[in-house]
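Written below as structure tokens is the structure these notes are about.
Here, each number is a calculation from the coordinates, and none is a lab measurement. As the structure is a prediction and not an experimental result, all values here were calculated from the model. Note: ideal-geometry Cβ built from the backbone for every residue, glycine included; neighbour counts use all protein chains shown.
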Amino acid sequence: TIKIIASNAFRRSQIQKIFIPKNVREIHLDAFSCCWLAKSIEFEEDSNLESITCKAFGFKLIKNITFPRKMKHCFMYFDRNCLQLKSLEFLSDDEIFSDNVSVLANICTFSFPNAKKIRFKSKYIEGTLFTLPNIEIKNCT
């Protein structure tokens, strides 16, 4: 059973659909960078994904990503070519969110529909933020 998608595992591949099986717990550096033909990314239901490290993704055509409930650490350093990316949804109830400001500036919507606490490691988040009422939002910079 695959638990880690290693650095450079699918770098420069010609895949059009990225499907992450539920047993994967970590996605590492550049795992899906330069996947220019990818049109979607999907996480299997009941995914055990907990962490995505810096620069894991690089694609041009994907517009939306919904991250699974168990994911707690998201280091958002998308490749600078991810210009179509417009919305990110995080299903976790407690999120540590770090980012690459230059890429996240393109994203219009950040959604945290289940989060009780969000910890940002950036002071430059722009766009619309959807959360539950009375959520704890903390800037850790």
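Quick notes on this structure:
- Net lengthening on full extension, Lys17/Glu136 (0.36 nm per residue, minus Cα-Cα): 39.4 nm
- Tensor-based shape of the range 1-74 (alpha-carbon gyration tensor, a/c under 1.5 rounded, otherwise prolate or oblate): prolate
- Amide hydrogen proximity for Ile41: with H placed 1.01 Å from N in the peptide plane, the residues at 5 or more positions away or on another chain lying under 5 Å are Ile18.
- Using the average count of surrounding beta-carbon atoms within 10 Å as a protection proxy, the listed peptides 56-62, 112-118 rank, highest first, as 56-62, 112-118.
- Estimated vicinal HN-Hα couplings, Hz - the range 68-73 in sequence order (Karplus 6.51, -1.76, 1.60; Gly, Pro = x): x, 4, 7, 6, 10, 10
- Cross-link partners of Lys116 among lysines (Cα-Cα below 20 Å; sequence separation of 8 or more within a chain): Lys70, Lys72, Lys138
- Förster-model FRET efficiency, 25 Å R0, Ile2 and Trp36, C-beta, rounded to 0.05: 0.60
- Potential lengthening of the chain between Asp46 and Asp94 amounts to 15.6 nm, from the contour at 0.36 nm per residue minus the alpha-carbon distance.
- Among 6-16, 44-54, 128-138, the order from most to least packed when residues are scored by Cβ within 10 Å on average: 44-54, 6-16, 128-138
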